[in-house]
1. Between beta-carbons, use under 12 Å as the cut-off and find the net charge around PHE430, counting Lys and Arg +1, Asp and Glu -1.
2. List every residue whose amide H lies under 5 Å from the amide H of ASN395, counting only residues 5 or more places away in sequence or on a different chain, with H placed 1.01 Å from N in the peptide plane.
3. Over the chain, what is the relative contact order in percent, taking alpha-carbon pairs closer than 8 angstrom and at least six residues apart?
4. What nm distance separates the two modelled labels at GLN120 and GLN102, each placed 7 Å from Cα along Cα→Cβ?
5. Summing Lys, Arg as +1 and Asp, Glu as -1, what charge do residues with Cβ under 15 Å from the Cβ of ARG96 carry, ARG96 excluded?
6. Can you spot the lysines whose alpha carbon is less than 30 Å from LYS357's alpha carbon? Ignore those fewer than 8 places along the same chain.
7. What FRET efficiency would be calculated for the residue pair ALA168, TRP143, taking the C-beta separation as r and a Förster radius of 22 Å, to the nearest 0.05?
8. Just to verify a number: FRET efficiency for TYR258 and THR32, C-beta to C-beta distance, R0 = 56 Å, to 0.05?
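Please treat every number below as a calculation from the coordinates, not as lab data. Fair warning: this is a prediction, and the values are worked out from it, not measured in the lab. Glycine gets a Cβ as well: all are built from the backbone with ideal geometry, and neighbour counts include every protein chain shown.
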Amino acid sequence: MTLGLAVVLVLAVAGAAAFLGYRRADALRGGTRLNSLPSYHGAYGFLWAAVPALLFLAIWAPIQRGLVEQAVLSSPEGQQLPAFDLARDSIMSEARGLATGQLDAAFNPKANALVPVFEQAFGFYGTMGGGFALLLALAGAAWAVTRIRVDFRARTGVERWIMGVLVAASLIAILTTAGIILSLLFETMRFFSMVSPTEFLFGTQWSPQMALRADQAGSSGAFGSVPLFWGTIFIGAIIAMIVAIPLGLMSAIFLTQYAPQKLRSVLKPALEILAGVPTVVYGYFAALTVAPLVRDLGLAIGIAGASSESALAAGLVMGIMIIPLVSSMSDDSIAAVPQAMRDGSLALGATRSETIKKVLLPAALPGVVGGVLLAVSRAIGETMIVVMAAGLAANMTANPFGSVTTVTTQIVQLLTGDQEFDSPKTLAAFALGLVLFVVTLILNLIALRVVRKYREAYE
């Protein structure tokens with residue numbers, strides 16, 4: 001029995017339990033009033049039959065894989081496999097693919113001998129797990145159907161099941177975040193055992209390339225992260241914001257205060273389409289169109305060192321990318337200002353522009369600031385645009401026509417290809433990721449706090 005077949009059988013039993021529960025409750029309703037509707041009794045039976053069995057199958061799937069591999073390795077055919085892990089795993093993978101139908105032929109002839117062993121093991125453990133899941137489904141269905149009475153609170157039971165699913169989903173998200181943080185912390189501590197935290201946080205030289213011999217130049221490497229964080233701030237928090245804040249704020253003011261309703265219904269969706277464009281498309285646009293224009297502009301005004309890979313090109317395109325975020329948050333904030341404040345300002349003789357400057361913007365400022373902070377956190381985490389338009393050189397320069405790099409770009413570089421996780425070059429990526437995670441988290445917390453204050457003031 002395969003896992004898919006077991007899921008189908010479990011759902012079939014759950015459907016039958018729902019049907020029987022509904023019919024039995026509906027029959028009872030003919031004589032008296034039920035505490036819960038028949039639909040709740042049917043849903044109660046479905047949940048008791050489906051959820052425990054499906055949860056068991058989700059836990060059993062990885063366990064079954066390990067048991068199958070152990071059974072194959074302990075078989076006489078498995079004893080003849082090479083001792084080398086990579087070669088053995090390659091043969092096992094091919095044999096597994098042949099047994100499950102994912103492969104038509106194997107490159108290594110030894111894999112063919114393992115196919116019957118795999119099929120037998122899959123059949124045995126699949127039948128064991130599927131059979132137990134089916135028994136769980138039948139037991140749950142019987143339990144739910146036998147509890148159907150006139151005074152039974154099936155609705156309460158269904159709501160408890162739904163609440164449990166919601167709590168489990170929340171716990172998964174929380175535990176996933178905790179796992180990410182712990183993995184970053186563990187690898188970062190390993191990195192700081194090799195490199196001084198002071199050098200990493202305050203050093204100005206970044207050259208993580210490690211030499212093969214101690215007598216080679218740069219054998220110790222340089223792990224000063226200040227140029228990386230400067231590049232991140234320069235591109236994402238300075239140049240991009242210079243583009244995004246004025247354009248986003250002015251577009252929000254125009255759409256809320258000046259644009260007719262028909263024009264707004266067209267312009268606002270068109271503006272927000274920018275948020276759905278993949279970042280790699282922005283990267284292509286930056287590398288092929290914006291970067292050459294920026295380089296030509298720099299040469300035209302007398303900057304000899306103007307590069308095709310520049311912070312200005314990446315920052316301009318990144319600013320265009322986050323305009324919808326700033327505009328949408330500012331639009332909602334301005335629209336949420338009470339109409340009485342607008343009418344009062346106009347009634348006192350203020351012009352529309354004066355009302356915007358003196359009344360609307362100050363009142364909507366918390367929401368606008370929250371949107372800007374969220375946009376900054378989005379910009380500093382961007383990778384593709386920087387990789388394709390800003391280059392990979394870790395330079396501490398304020399020249400917008402020069403080449404710089406960011407934290408995310410270096411993380412991609414350090415973790416690309418085959419890496420050794422006992423080297424400070426590779427572990428540096430985790431330290432960079434942890435610092436970037438903390439910075440982004442702080443910005444998001446500040447933005448949420450500002451937005452929360454705004455909502456409390458006007459809701």
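1. Numbers: positive: ARG190, LYS425; negative: GLU187.
Local net charge: +1.
2. THR405
3. It comes to 16 percent, rounded to a whole number.
4. Reported label-point gap for GLN120 and GLN102 is 2.3 nm.
5. Details: positive: ARG65, ARG88, LYS110; negative: GLU69, GLU77, ASP89, GLU94, ASP104, GLU119.
Around ARG96, the charge tally is -3.
6. Straight-distance partners of LYS357: LYS262, LYS268, LYS453.
7. For R0 = 22 Å, the calculated efficiency reads 0.60.
8. Numbers: r = 65 Å, r/R0 = 1.15.
According to the calculation, E is roughly 0.30.
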